[in-house]
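Enquirer: I'd like to ask some things about the structure below.
Please treat every number below as a calculation from the coordinates, not as lab data. Owing to the predicted nature of the structure, the values given are computational and were not obtained by experimental measurement. Ideal geometry is used to build each Cβ from the backbone, glycine not excepted, and the neighbour counts take in all protein chains shown.
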Amino acid sequence: MLEKASCCKVNLLLNILGKRPDGFHELETVLHPIPLCDRLTFERAGAGVEMTCSDPLLPVNSKNLVFRAASLFAAAAGLGPGEGLRIHLCKHIPVAAGLGGGSGNAAATLLALNELFGRPLPLSKLEELAASIGSDVPFFLQDQPALATGRGEIIQPLHFFPALRGASFLLVHPGFGISTPWAYQQLARFPAALHGTPGRARRLIMALLKTGLEAAAAEFYNSLEAPVLWKYPLLELFQEFFRENGAAAALMSGSGSTTFALTPTRDAAETLLEKFKAKFGLGMWTAIVPSQGPSPSGGEWRKWN
Ligand code: C5P
């Protein structure tokens, strides 16, 4: 039996550069690990892939990225029909939230199974399988911040950023999810967001390395906000509220719906959360996590209803 934590991410920047002939979008994105994790357990037992999940609303068949990752691993490693796998996924990260929870689960599955079966596959093969599962999956094969290019699958790991030292992330999930394909499709109606200028990622990374939190925060950007904030203006109100109440930055992560605020200290994040609750009421999922991961136990999550 092997247990693995599977953590999530936010995008400090998601700059879309245009639509590609294969239907995906070319982009540059800066991903930051968030020490807020699901838990997976893996056992060599039974026949074929059997999966269970703490969330009854999630599929436990080939529609689940964990199941897909396990099946791809089994085929690539040449596991026989008698070599079964039992996998349990205990979900904490919100779904369809722009946090890459499902992608992280898939990457954790590839890494765990490779460990469980004595490392039959090299990292390059795991990377290839990861990219075939989803654009965000390769990022989760490592645990550093990273620059991702291509459709998001080409990863350049980076050191933790000096500008974020001591800072905290406050994450808010509004209670509804957003479909990633929908968000990308809508870009056709927002030409400026569809055709971003390359180089924003480099500027942000330089600011994160060489300047402070305020200057770096001015470089945060997400092209997908154009369609998503248009459809869900509540998310724009969250961002304005965060900026007016002590956040250095506020942005939507990925294709949403999670909004994150970055504060210089943990105390500032706690104060901001109290003000947010007083203004917007209860019933949303929130978390405060330190910016310097990736310790799975370093984070904290909670839900208030
Ligand atoms: O790669 P992944 O399966 O996560 O992508 C989900 C969907 O998001 C794709 O089917 C596509 O519609 C859209 N997408 C895109 N360009 C990207 C990444 C995702 O158009 N770079």
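Enquirer: Length gain on complete extension for the stretch Arg20 to Ala45, per 0.36 nm per residue less the alpha carbon to alpha carbon distance?
Expert: Once the chain is fully extended between Arg20 and Ala45, it gains 4.7 nm.
Enquirer: Which whole-number percent is the relative contact order of the chain (Cα, under 8 Å, 6+ apart)? Numbers along the way, then the final one.
Expert: Values: 660 pairs, mean separation 71.1, N = 305.
That works out to 23 percent.
Enquirer: Order these peptides, 74-85, 202-213, 136-147, by their mean beta-carbon neighbour count within 10 angstrom, highest first.
Expert: Details: 74-85: 14.2, 202-213: 17.1, 136-147: 22.2.
So the peptides 74-85, 202-213, 136-147, ranked by packing, come out 136-147, 202-213, 74-85.
Enquirer: Shape call for region 198-238 from the C-alpha gyration tensor, a ≥ b ≥ c root eigenvalues: rounded (a/c under 1.5), prolate (a/b greater than b/c) or oblate?
Expert: oblate
Enquirer: Now a separate question. Treat every Asp and Glu Cβ in the chain as -1 and every Lys and Arg Cβ as +1, leave all other atoms uncharged, and give the resulting dipole magnitude about the Cα centre to the nearest 20 debye. Could you put the intermediate results ahead of the total?
Expert: Values: 27 positive and 25 negative charges, 46 e Å.
Dipole size: approximately 220 debye.
Enquirer: Still on this structure: Could you state the orientation-averaged shadow area of the convex hull built on the Cα atoms of region 16-75, in nm² to one decimal?
Expert: The Cα convex hull of region 16-75, projected and averaged over all directions, gives 7.0 nm².
Enquirer: Still on this model: Could you work out how far helix 233-244 tilts from the main Cα principal axis of the chain, as a 0 to 90 degree angle to the nearest 10?
Expert: Here the helix axis deviates by roughly 60 degrees.
Enquirer: To continue, here is another question. Compute the FRET efficiency between Glu214 and Arg119 as 1/(1 + (r/R0)^6), taking r as their Cβ-Cβ distance and R0 = 51 Å, and round to the nearest 0.05.
Expert: 0.70
Enquirer: Report the gain in length on full extension from Arg86 to Asp143: 0.36 nm times residue separation, minus Cα-Cα distance, nm rounded to one decimal.
Expert: Length gained, Arg86 through Asp143: 18.0 nm.
Enquirer: Give the distance, in whole Å, between the Cα centre of region 264-294 and the Cα centre of region 73-110.
Expert: If you average the Cα positions of each part, the centres end up 30 Å apart.
Enquirer: Here's something else I'd like to know. Set the Förster distance to 22 Å, then compute FRET efficiency between Leu234 and Arg189 from the Cβ-Cβ distance, nearest 0.05.
Expert: E(calc), rounded to 0.05, equals 0.65.
Enquirer: Could you list, in their original order, any pairs among Lys4/Lys275; Lys4/Lys231; Lys19/Lys277; Lys19/Lys231 whose Cα atoms are separated by more than 32 Å?
Expert: Lys4/Lys275; Lys4/Lys231; Lys19/Lys277
Enquirer: Take the alpha-carbon positions of the chain, form their convex hull, and give its projected area averaged over all directions (one quarter of the hull surface) in nm².
Expert: Values: hull surface 60.5 nm².
Taking a quarter of the hull surface, the average projection is 15.1 nm².
Enquirer: Can you pull the one-decimal nm distance between simple spin-label points at Lys279 and Phe176, each 7 Å off the Cα toward Cβ?
Expert: Rounded to a tenth, the inter-label distance reads 2.0 nm.
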